[in-house]
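The values are calculated or read from the model by the stated rules, or taken from the named source; none is laboratory data. Predicted model, so just to flag it, every value in this text is computed and none were measured. We place every Cβ from the backbone using ideal geometry, glycine too, and count neighbours over all the protein chains shown.
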Amino acid sequence: MNEISLKQATDTLTRADRVFVCTHVEPDGDALGSLLSLGSLLRKMGKQVTLACQDPVPENLRFLPGSGDIRRPDGVDADAFDLACSIDASDLGRIGSAARVFSACPRRLAIDHHASNTRFGLENYVDSTVASSGNLVCRLFGETGVRMDENDALLLYAALSTDTGNFSFGQMDEEFFLQMAGLMHAGLDISPAARQLHLIKSPYHIKLLGRAIASLRFFSGGRQAGMRLTHADFEKTGAKPEHAEGIVNRALNIYGVEMCYLASEEEDGVKFNLRAVPPHDVSRIAVEFGGGGHLLASGFTSRKPLNDAVRALRARMEAELGRE
Ligand code: 5GP
Ligand code: MN
């Protein structure tokens, strides 16, 4: 439960020799960009590093340098490390099967930027005023004085641009853009990276998007929008859950919509992506349903059948909108 500063986090990393670094399940550009750049920083500091994630790297992020080195936690010897470090995960459950190794380490550091972070490390470097976990890794580069190379810059650009929707929302302040300038200084080739990360979509994504849009409904007088993807939608398009990334934003970016959801039938339940515009707070709703996230972007998984799960969430959102 110990809250620590940037300097203390740097000291903890400096003192370690063998470090296990993990991130959250269903990793996105911030999770992987932060994991890989933190791994690179630690290696440049002379540490032995093992990078792990429960779920595989999605196809669209396999171009990130070093992504082939990320292991599944299952085969990892839990006694092999003197420090475990989790990055971009708000709670222990979010690192999935990496929790076994994380929890076995004598020193456990959580680095994160989620407002709903539970301080599950023995030491916690958590700052919810930054847009992405990548911003915290940028600070660690600065504090350690380690030189950032082109690959680090690409990884950190993936992190910073993913969690801000390619620089359109989130906590983008002066420090954020000074860090971006640092990435450019380190040799970031931004246009091809932007195309890879934000413009090109897989055909599976586009097919799923068509089905999600076909399911779009409005509630609360047009202030709430909802979409759904069923098992049949995934089967008929051949798409995987990772191909649904970003679809929920299409419902938010409609005139009059203040709050929206995408409900997707997945193997272990119905996955909800929630989005809102200020002054709303969907993280509180997500926490009530067993999940978490940020004020404006959160999620949870429901074990109820699709219709029941959607009905419950819709009623909760209606209550929220009715409260003003
Ligand atoms: P997305 O909708 O893009 O998957 O997730 C938006 C945000 O909500 C992310 O920051 C993610 O970490 C968080 N989030 C999504 N699903 C869950 C969940 O089931 N539990 C928790 N704690 N956070 C989630
Ligand atoms: Mn993040």
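Looking across 6, 41, one residue alone is touching a residue at least 24 places away in the same chain (Cβ under 8 Å), among the aliphatic types (A, V, I, L, M) and crowded, with 19+ Cβ neighbours inside 10 Å. It is 41. With respect to (1) among the aliphatic types (A, V, I, L, M); (2) crowded, with 16+ Cβ neighbours inside 10 Å; (3) more than 29 Å from residue 130 (Cα to Cα), the lone exception for residue 183 is condition (3). Contact map, segment 129-141: first residue touching a residue at least 12 places away in the same chain (Cβ under 8 Å), second residue near ligand 2 (Cβ under 9 Å from one of its atoms) and of a type in the set (S, T, N, Q), Cβ cut-off under 8 Å, separation 6 or more or different chains; pairs are 132/34; 132/162; 133/34; 134/34; 136/34; 137/34.
In segment 110-122, what residues are among the charged types (D, E, K, R) and surrounded by fewer than 20 Cβ atoms within 10 Å (Cβ to Cβ)?
119
Among the candidates 55, 74, 69, which residue alone is within 16 Å of ligand 2 (Cβ to nearest atom), surrounded by fewer than 19 Cβ atoms within 10 Å (Cβ to Cβ) and assigned by TED's automatic domain parsing to the domain that holds residue 136?
Numbers: 74 fails: within 16 Å of ligand 2 (Cβ to nearest atom); 69 fails: within 16 Å of ligand 2 (Cβ to nearest atom).
None of the others qualify; the one that does is 55.
Looking only at residues of segment 114-154 that are in a loop (DSSP other than H, G, I, E, B) and among the acidic types (Asp, Glu), we find that the one that is farthest from residue 104 (Cα to Cα) is 149.
State whether one or more residues within segment 178-192 are in a helix (DSSP H, G or I) and more than 22 Å from residue 142 (Cβ to Cβ). Looking for residues that are in a helix (DSSP H, G or I) and more than 22 Å from residue 142 (Cβ to Cβ), one finds at least one in segment 178-192, hence yes. The single condition among (1) more than 15 Å from ligand 1 (Cβ to nearest atom); (2) closer than 25 Å to residue 298 by Cα; (3) surrounded by fewer than 21 Cβ atoms within 10 Å (Cβ to Cβ); (4) of a type in the set (A, V, I, L, M) that residue 156 does not satisfy is (3). Here residue 60 meets each of (1) within 26 Å of residue 179 (Cα to Cα); (2) at pLDDT 95 or above; (3) not aromatic (Phe, Trp, Tyr) with one exception, condition (2). One residue stands out among those in segment 211-241 that are within 22 Å of residue 26 (Cβ to Cβ) and touching an Asp or Glu at 6+ places or on another chain (Cβ under 6 Å): the one that is surrounded by the fewest Cβ atoms within 10 Å (Cβ to Cβ), which is 231.
Yes or no: residue 91 among the acidic types (Asp, Glu), over 24 Å from residue 194 (Cα atoms) and in contact with a Gly (Cβ under 9 Å, 6 or more places away or on another chain)? Explain how you work it out, then say what you get.
Numbers: among the acidic types (Asp, Glu): yes; over 24 Å from residue 194 (Cα atoms): yes; in contact with a Gly (Cβ under 9 Å, 6 or more places away or on another chain): yes.
When the stated conditions are applied, residue 91 passes them.
The set of residues from segment 288-314 being away from ligand 2 (no atom under 16 Å from the Cβ), among the hydrophobic types (A, V, I, L, M, F, W, C) and buried (at least 18 other Cβ atoms within 10 Å of the Cβ) comprises 289, 300, 309, 310, 313.
Table: residues versus (1) closer than 18 Å to residue 118 by Cα; (2) at pLDDT 95 or above; (3) small (Gly, Ala, Ser); (4) near ligand 1 (Cβ under 8 Å from one of its atoms).
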residue: 288; (1), (2), (3), (4): yes, yes, no, no
residue: 295; (1), (2), (3), (4): yes, no, no, no
residue: 299; (1), (2), (3), (4): yes, yes, yes, yes
residue: 303; (1), (2), (3), (4): no, yes, no, no
residue: 308; (1), (2), (3), (4): no, yes, no, no
residue: 311; (1), (2), (3), (4): no, yes, no, no
residue: 316; (1), (2), (3), (4): no, yes, no, no
residue: 321; (1), (2), (3), (4): no, no, no, no
residue: 324; (1), (2), (3), (4): no, no, no, no
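Can you confirm whether residue 30 is in contact (Cβ under 8 Å) with a residue 24 or more places away in the chain, surrounded by fewer than 22 Cβ atoms within 10 Å (Cβ to Cβ) and within 16 Å of ligand 2 (Cβ to nearest atom)? Spelling it out, it is not the case that residue 30 is in contact (Cβ under 8 Å) with a residue 24 or more places away in the chain, surrounded by fewer than 22 Cβ atoms within 10 Å (Cβ to Cβ) and within 16 Å of ligand 2 (Cβ to nearest atom). In contact (Cβ under 8 Å) with a residue 12 or more places away in the chain, more than 16 Å from ligand 2 (Cβ to nearest atom) and assigned by TED's automatic domain parsing to the domain that holds residue 156: is that true of residue 88 in this structure? Against the criterion (in contact (Cβ under 8 Å) with a residue 12 or more places away in the chain, more than 16 Å from ligand 2 (Cβ to nearest atom) and assigned by TED's automatic domain parsing to the domain that holds residue 156), residue 88 does not qualify.
So which residues in segment 97-117 are closer than 17 Å to residue 54 by Cα, of a type outside the set (Val, Ile, Thr) and touching a helix residue (DSSP H, G or I) at 6+ places or on another chain (Cβ under 8 Å)? Walk me through how you get there before you give the answer.
Start the filter on segment 97-117 by keeping residues that are closer than 17 Å to residue 54 by Cα, which leaves 97-104, 110.
With the extra rule that they be of a type outside the set (Val, Ile, Thr), the set shrinks to 97-100, 102-104, 110.
Passing the criteria: 97, 98, 99, 100, 102, 103.
Restricting the first member to segment 93-113 and to residues that are in the same structural domain as residue 79 (by TED's automatic domain parsing), and the second to residues that are modelled with pLDDT under 95 and more than 16 Å from ligand 1 (Cβ to nearest atom), the beta-carbon pairs closer than 7 Å and six or more apart or on different chains are 100/78; 101/78; 104/78.
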